[in-house]
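Chemist: Sharing a structure with you now.
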Amino acid sequence: MEVRASHWHHSPIHLFIPDATYMVTAGTLEKAHYSRDARLRHLCDQLHEVARTHGWHLHAWAVFSNHYHWIGHTESDPKSLIRLISHVHTVTAKWVNQQDRCPGRKVWFQYWDKCLTYENSYYARLNYVNQNPVNHGIVPVAELYPYGSAQWFATKADPTYRRKVASYKFDQLRIEDDF
């Protein structure tokens, strides 16, 4: 197995491991709130479409007005993660700026990714992403949030698997999420 790393002097090393699963968090510049309803749907749709285009399969997602989280897997080139995020940010920023008549405005600030190499870490983060709308106080039950994977997970995943994921605590995880 070939492990490739990319490093920029102002950020942690990004591990790119073939056939691996990653968690990604991205936030808007100055935590500005750009998305509401139709915009959240557009961002969610674009995330899914662009992920498929770049060979990624999303396991969980939660899209908010000023940030998002997702967990995904690729069997292809893991460095496509950089292109995927750049593509999502470019397409959605242009669309939001067109809606607001603010061409060229910087919308997205930065993103964080983590290669998930431990099974327990994966399940805890999967539970975290699904429950994130509750953590932010947006809905009382995650399945009620239309721009996340919790409803899909509740209706499509095997009940035994759902219970397993729900049993993983995430209060000790270190995830950038002060939005």
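Chemist: Please go through region 45-77 and pick out each residue that is among the β-branched types (Val, Ile, Thr), crowded, with 20+ Cβ neighbours inside 10 Å and without any contact (Cβ under 8 Å) to a residue 40 or more places away in the chain.
Modeler: Of the residues in region 45-77, the ones among the β-branched types (Val, Ile, Thr) are 50, 53, 63, 71, 74.
Filter once more, so that each one left must be crowded, with 20+ Cβ neighbours inside 10 Å: 50, 63, 71, 74.
Within region 45-77, no residue meets the criteria.
Chemist: With respect to Ser80, is the statement that it is under 18 Å from Asp177 (Cβ atoms), out of contact with any strand residue (DSSP E or B) (no Cβ under 6 Å at 6 or more places or on another chain) and surrounded by 15 or more Cβ atoms within 10 Å (Cβ to Cβ) true? Spell out how you get there, then give the answer.
Modeler: Numbers: under 18 Å from Asp177 (Cβ atoms): no; out of contact with any strand residue (DSSP E or B) (no Cβ under 6 Å at 6 or more places or on another chain): yes; surrounded by 15 or more Cβ atoms within 10 Å (Cβ to Cβ): yes.
Judged against the criteria, Ser80 is not a match.
Chemist: Next question, about the same structure. So, of the residues in region 68-92 that are assigned to a strand (DSSP E or B) and modelled with pLDDT of 95 or more, which turns out to be farthest from the chain's Cα centre (by Cα)?
Modeler: Start the filter on region 68-92 by keeping residues that are assigned to a strand (DSSP E or B), which leaves 68-74.
Add one more test, that the residue is modelled with pLDDT of 95 or more, and what stays is 68-73.
Details: Tyr68: 5, His69: 3, Trp70: 2, Ile71: 6, Gly72: 8, His73: 12 Å.
Ranking the qualifying residues of region 68-92, first place goes to His73.
Chemist: Right, another one. Report, ordered by the first and then the second residue, all pairs with beta carbons closer than 6 Å, sequence separation of six or more or different chains, a first member in region 160-177 that is within 19 Å of Tyr68 (Cβ to Cβ), and a second member that is among the polar types (S, T, N, Q) and surrounded by 10 or more Cβ atoms within 10 Å (Cβ to Cβ).
Modeler: These pairs meet every condition: Phe170/Asn127; Glu176/Thr25.
Chemist: Now a separate question. Out of all the residues in region 93-116, which are farther than 19 Å from Ala38 by Cα and in a loop (DSSP other than H, G, I, E, B)? Before you say what the answer is, go through the steps one by one.
Modeler: Start the filter on region 93-116 by keeping residues that are farther than 19 Å from Ala38 by Cα, which leaves 103-106, 109-116.
Pro103, Gly104, Arg105, Lys106, listed by residue number.
Chemist: Within region 55-80, can you find the residues that are of a type in the set (Gly, Ala, Ser) and within 28 Å of Leu144 (Cα to Cα)? Outline the logic, then answer.
Modeler: So the first thing to find is which residues in region 55-80 are of a type in the set (Gly, Ala, Ser), and the list is 55, 60, 62, 65, 72, 76, 80.
Passing the criteria: Ala60, Ala62, Ser65, Gly72.
Okay, residues lined up against (1) of a type outside the set (Val, Ile, Thr); (2) without any contact (Cβ under 8 Å) to a residue 60 or more places away in the chain:
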{"position": "Tyr118", "(1), (2)": "yes, yes"}
{"position": "Ser121", "(1), (2)": "yes, yes"}
{"position": "Arg125", "(1), (2)": "yes, no"}
{"position": "Tyr128", "(1), (2)": "yes, yes"}
{"position": "Asn135", "(1), (2)": "yes, yes"}
{"position": "Val141", "(1), (2)": "no, yes"}
{"position": "Pro146", "(1), (2)": "yes, no"}
{"position": "Gln151", "(1), (2)": "yes, yes"}
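Chemist: So, one more: Go through Arg41, Arg83 for me and flag whichever is basic (Lys, Arg), closer than 22 Å to Tyr145 by Cβ and in contact (Cβ under 8 Å) with a residue 12 or more places away in the chain. If you could, list the steps in order and put the result at the bottom.
Modeler: On the way: Arg83 fails: closer than 22 Å to Tyr145 by Cβ.
After ruling out the rest, the residue left standing is Arg41.
Chemist: For His73, which of the numbered conditions (1) within 23 Å of Leu173 (Cα to Cα); (2) in contact with a helix residue (DSSP H, G or I) (Cβ under 8 Å, 6 or more places away or on another chain) fails to hold?
Modeler: If we test His73 against (1) within 23 Å of Leu173 (Cα to Cα); (2) in contact with a helix residue (DSSP H, G or I) (Cβ under 8 Å, 6 or more places away or on another chain), just (2) comes out false.
Chemist: Looking only at strands (runs of 3 or more DSSP E) that fall completely inside region 1-43, which ones have 3 or more residues that are modelled with pLDDT under 85, acidic (Asp, Glu) and in contact with a Lys or Arg (Cβ under 9 Å, 6 or more places away or on another chain)? So that I can check it myself, show each step before the final result.
Modeler: On the way: elements: 4-6, 14-16, 20-28.
Because the criterion is at least 3 residues that are modelled with pLDDT under 85, acidic (Asp, Glu) and in contact with a Lys or Arg (Cβ under 9 Å, 6 or more places away or on another chain), no strands (runs of 3 or more DSSP E) in region 1-43 meet it.
The values are calculated or read from the model by the stated rules, or taken from the named source; none is laboratory data. Worth saying up front: this structure is predicted, and the values here are computed from it rather than measured. For neighbour counting, all protein chains shown are included, and Cβ atoms are generated from backbone atoms with ideal geometry for every residue, glycine included.
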